[in-house]
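J.: Got a structure here, written out as structure tokens. Questions coming.
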Amino acid sequence: MSPTALAARRVVFPFTAIVGQEEMKLALLLNVIDPKIGGVMIMGDRGTGKSTTIRALADLLPEIKVVADDPFNSHPGDPDLMSDAVRQQLEQQAEIRVTKKKVSMVDLPLGATEDRVCGTIDIEKALSEGVKAFEPGLLAKANRGILYVDEVNLLDDHLVDVLLDSAASGWNTVEREGISIRHPARFVLVGSGNPEEGELRPQLLDRFGMHAEIRTVKEPALRVQIVEQRAEFDQYPQQFLEKYQPQQQALQQQIVSAQELLPSVAMDYDLRVKISEVCSELDVDGLRGDIVTNRAAKALAAFESHTEVTVDDIRRVMTLCLRHRLRKDPLESIDSGYKVEKTFNRVFGIETNSIEASEKTAQANGIGQTSGRFR
């Protein structure tokens with residue numbers, strides 16, 4: 001991208017410049033590669049860059065093709081991602097104008113009402129003029145984008161249910177006085193919060209595909225690096241963006257390639273059985289844990305540019321996919337990952353020492369401590 005184009009854009013901190021928080025970054029990237037994973041719940045200390053990272057991811061993503069002047073960001077070629085009006089136009093073989101736009105990133109305010117989220121039907125207009133007068137809500141705007149809810153643990157449970165239902169089905173239906181309207185609402189749902197302010201109920205937490213924990217960086221040298229980067233970005237934003245542009249473009253291309261490769265990624269039957277064995281031993285309710293782990297492992301394989309899922313792919317995503325499904329009592333705290341790792345090692349026959357050794361090697365190479373993995 002040229003310096004002129006960069007200057008015209010809204011300034012957002014580059015994703016590849018974010019130091020640390022590898023767990024959160026990986027979970028977000030995998031959900032972008034395969035939105036059917038079911039979203040991410042990010043819990044951690046305040047001031048750890050949750051909002052910055054999510055906005056940076058939305059800014060990183062390539063532009064998408066949409067039907068011009070359509071309030072739902074309808075896909076011009078995929079019926080599952082287009083509104084009923086666009087589908088009717090296609091059936092009538094009407095000409096559809098196509099344009100490109102940035103992936104939308106919608107912030108859901110804590111005080112939002114259900115009408116603001118789902119949209120409203122103008123009954124008077126519907127009765128007097130005989131048309132379905134629909135005022136789209138935030139779910140319409142979020143279609144094919146990212147819906148971000150900060151402090152999701154403080155949001156009304158009913159609204160969280162609405163969001164999760166739409167994210168799972170890919171559709172939002174509004175019904176009032178016998179009039180029903182639906183539109184596509186397929187988005188990556190990202191929730192964040194501070195566990196000190198309370199956890200979500202286990203039933204709601206289980207509906208999130210992945211759960212990332214983030215902690216304040218303790219190493220003084222890394223803290224200094226983060227502070228200096230932020231100061232440089234605030235003082236010279238355009239120069240900072242230009243410096244990271246090659247890494248941004250490389251990661252963007254990696255995401256696009258992964259999305260294209262994903263349908264051809266395969267997983268050995270024995271590995272699928274072992275994933276289910278781990279879920280069974282951990283007493284995970286339902287089958288969401290099995291499904292999400294399978295999807296996330298395939299997305300990671302695609303991200304790493306290979307078409308066969310490996311044991312290491314499963315190991316790297318399993319804690320993210322299962323840790324929040326182990327809590328049976330709302331008063332319990334969420335497992336840090338120890339139980340999942342221990343069960344994974346036993347089922348897959350992996351020596352704990354070899355895992356620790358590989359982690360130490362990765363840390364020595366800067367993986368897991370800096371943003372080297374995505375640069």
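J.: Just in the range 32-92: which trypsin sites (Lys or Arg not before Pro) are loop by DSSP and have at most 16 other Cβ atoms within 10 Å?
T.: In loop regions of the range 32-92 (DSSP not H, G, I, E or B), the sparsely surrounded trypsin sites (Lys or Arg not before Pro) are R46.
J.: Let me ask something else about it. Count the lysine pairs in the range 198-342 whose Cα atoms sit under 26 Å apart, keeping only pairs 8 or more residues apart in sequence or on different chains.
T.: The result is 10.
J.: Treat every Asp and Glu Cβ in the chain as -1 and every Lys and Arg Cβ as +1, leave all other atoms uncharged, and give the resulting dipole magnitude about the Cα centre to the nearest 20 debye.
T.: Charge dipole, the chain, about its Cα centre: 920 debye, nearest 20.
J.: By a straight-distance test (C-alpha under 12 Å), which aspartates and glutamates pair with K65 as possible cross-link partners, with residues fewer than eight away in the same chain excluded?
T.: In chain and number order, the partners are D78.
J.: Still on this model: Out of these labelled values of Cα extents along the principal axes in Å, (i) 85, 59, 38; (ii) 70, 60, 40; (iii) 72, 52, 42, which was calculated from the coordinates shown here?
T.: The value computed from this structure is option (iii).
J.: For I214, list long-range residues whose amide hydrogen, built 1.01 Å from N in the peptide plane, is under 5 Å from its own amide hydrogen.
T.: Hits under the 5 Å cutoff: M43, G44, D45.
J.: Residues with amide H under 5 Å of G119's amide H, sequence separation 5 or more or different chain, H placed in the peptide plane at 1.01 Å from N; which?
T.: Under 5 Å from the amide H of G119 lie the amide H atoms of G137, L138, each far enough along the sequence or on another chain.
J.: Continuing with this model, one more query. Between the range 264-317 and the range 189-258, what is the separation of their alpha carbon centroids in Å?
T.: 24
J.: By how many degrees, 0 to 90 and rounded to 10, does the Cα axis of helix 338-348 deviate from the longest principal axis of the chain?
T.: In the chain, helix 338-348 runs at an angle near 80 degrees to the longest axis.
Each reported figure results from applying straightforward, stated rules to the coordinates on display, with no laboratory input. Everything numeric in this text was worked out from a predicted model, so none of it was measured. Methodologically, a virtual Cβ is constructed for each residue, glycine included, from the backbone with ideal geometry; neighbour enumeration extends over all protein chains shown.
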